[in-house]
Each structure stands twice: as C-alpha cells, then as structure tokens.
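Step one of this worksheet: look at the structure below.
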Amino acid sequence: RWKTVMKLKGKNRIALSGTPIENHLGELWSIFSFINPGLLGSIQSFQNKYATPIENSQAPEKVQALKTLVSPYIL
C-alpha cells in the first residue's frame, strides 16, 4: 500500500492512493481532510454519519450520499 500527497503551487492539492477507498472509509476521510478540509466534517461526525452505517449495514442511502458528495473529486 502506498500514498503520495503533494501540494502544488497555489491552493491546488492532489492526493494519490494505492488503496481502493472501499477498503477503509477512514482513509477516504483522511485524503479528503487534506485535499478539501471540512467537506466530510470531523472524523467523529464522518464516522457517525457515513462510516459506521455503511460498514455495519451497508446502508444504501448513506453509500449513495457519500458517493454523490465525493465523486466530483475522484478520477
């Protein structure tokens, strides 16, 4: 598993990860905390709102809400 995080000139940021985001939602939060601080809230609010419901019951409405939120930033 590898990660590269770079800060480009100005306010642009990019993050690369060799880990599929499906493996661990905490890593998704961590990456977004760097590239777009605040988008996913604090780690605790993210755990309560998305990670726990998705990891425990694969709540389809939470999965869809999270995908909608982050998909514009993922290539």
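VAL63 contributes about 40 Å² of solvent-accessible surface, heavy atoms of the protein only, 1.4 Å probe. Amide H to amide H, with H built 1.01 Å from N, ALA59 comes under 5 Å of ILE54, counting only residues 5 or more places away or on other chains.
The values are calculated or read from the model by the stated rules, or taken from the named source; none is laboratory data. The structure displayed is predicted, hence computed values, not measured ones. Only protein heavy atoms, including side chains, enter the accessible area calculation; ligands, DNA and RNA are left aside. Shrake-Rupley method; radii C 1.70, N 1.55, O 1.52, S 1.80 Å.
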